Amino acid sequence: MIKLQKFQQLTVWALIGLFSSWVVSCSTGNVGTDSSPTAGVTKIEFWTMQLQPQFTDYFQSLIATFESENPSVKVNWVDVPWAAMENKILTAVSAKTPPDVVNLNPDFASQLAGRNAWLDLDAQVSEEVRSSYLPNIWQASTLNSKSFGIPWYLTTRLTIYNTDLLKQAGISNPPTTYAELATVAQQVKDKTGKYAFFATFVPEDSGEVLESFVQMGVTLIDAEGKAAFNSPQGKAAFQYWVDLYKKGLLPREVLTQGHRHAIDLYQGGETAVLVAGPEFLKTIANNAPKVAEASAIAPQITGTTGKKNVAVMNIVIPRDSKNPQAAVKFALFVTNDENQLSFAKVANVLPSTTKALADSYFQQLTPTASKTEQARVISAKQLQQAEILTPTLKDFNLLQKAIYENLQAAMLNTKTVDQAVQDAAQQWNNR
């Protein structure tokens, strides 16, 4: 599915944890591979997440091309419902009957990488091939200096803003930093009675607030995995969000509603700024044409570090694949320059290879470029400063939970900021 930021929470949205309510499907049918030497054919199974029916034609063509170039390999494509993937792959891996190639994301995949579930790709993929991918993006699918995944498609957040609302508040340019966002939030509230933006503090939902800590210069954990956010920078980040809430510059439902509510508020003309992926431009245009007409696009809001978020989908090869060589070959075929560029155009996402990203499709705009085209070029440019902002951890969701729950306590005035930071650090260290 193309909702990368959600999968990041499946865990988190995905992807995340990613970033959650995943439906169990314990029946794996003929999951895994058929290694019987029928006519010398090797069969591999490829799982994706909810890419049918929108991209059925693309993948059928992709697989047909691969099979024509590799006549001894046959690919069985299985598209798994979004909500079922986590439990389905866990069941298959535990039973040692996994598919051969799986579309996941680094956050969730890293949890199983910690259990040695995936093939070590450092021994399978040459340095020359690895270097064709964006370095920071390849690094996202590593754990303990070992590569467990191959990068696939990407998205970065953008600032979508309502020019009419900002104009009513006397603001001519959208905020570019969190410091500017706080000033804009006060002006919008004072002049219009509305809110500048919505950010969720629900632990199981978006990791946007946690990522803002890193953008503000906070180190979340140290080299030993201990909490490192009990620091002056960490306390300042806590204080930033607590102040916005206590001043009435954030809707009260930030404590109970997820990112979906941010979209609803923006579409309803109730907020001036929406931090989201470019895929939501179409949603806004369909649901709120007048708001869409007044909307403009700017780069992602960041902190003093200048860092930008990127959400990654990757491909992993289970260690128990019966045909790992064919699986790796197919995974590299899916994610090569040509196919990444092709899929990016079809799916309105970004590629993770340097050559594909350098294509004019991501670099040039005409004077009459649509907002979707503008968003694509802005997103591509952001990849130069983009990285996975939060650490790859097998229990990342517990870190987000500890910070969000204690942030909420400080926002509700049941803890001081100092106590909230200290308790969050202790909660993580004692997990």
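Here are the numbers:
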quantity	calculated
Cβ charges +1 (Lys, Arg) and -1 (Asp, Glu), total dipole of the chain, debye	600 debye
Local electrostatic count at Q187 - Lys and Arg +1, Asp and Glu -1, tallied over other residues with Cβ under 13 Å	+3
Lysines whose Cα lies under 30 Å from that of K43, excluding same-chain neighbours fewer than 8 positions away	K3, K74, K88, K96, K146, K322, K329, K345
Inter-site label distance for Q139 and D222 at 7 Å from Cα along Cβ, in nm	2.1 nm
DSSP bridge pairs, the chain: antiparallel proportion in percent, nearest 5	60 percent
Ratio Rg/Rh, restricted to region 106-245 and using Cα atoms, in which Rh is the Kirkwood radius	1.08
Value of Rg to Rh for region 162-221 (Rh from inverse mean 1/r over Cα pairs, i.e. Kirkwood)	1.05
Convex hull volume per residue in cubic angstrom - Cα atoms of region 239-331	210 Å³
Nearest-20 debye value, region 71-192 charge dipole, Cβ charges on Lys, Arg, Asp, Glu	240 debye
Region 158-309, dipole about Cα centre (Lys/Arg Cβ +1, Asp/Glu Cβ -1), debye to the nearest 20	340 debye
Backbone HN-Hα couplings from phi across region 105-119 [Karplus 6.51/-1.76/1.60, Hz, Gly and Pro as x]	8, x, 4, 6, 4, 5, 5, 7, 4, x, 9, 6, 7, 10, 5
For L51, residues with placed amide H under 5 Å, excluding near neighbours	V80
Stretchable slack from A179 to S94, in nm (0.36 nm times residue separation minus alpha-carbon distance)	25.9 nm
Relative frequency of Cα-Cα separations exceeding 20 Å in region 158-309, percent	48 percent
Under 5 Å, built H, 5+ apart or other chain: amide partners of W77	F46
Size descriptor, Kirkwood hydrodynamic radius, that averages inverse alpha-carbon separations across region 115-163, Å	12.7 Å
Enclosed volume per residue, in Å³, of the convex hull spanned by Cα atoms of the chain	137 Å³
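Quick note: the coordinates plus some simple rules give every number you see, no bench work behind them. Source: prediction; values computed, not measured. Cβ atoms come from the backbone with ideal geometry, glycine included; neighbour counts cover every protein chain shown.
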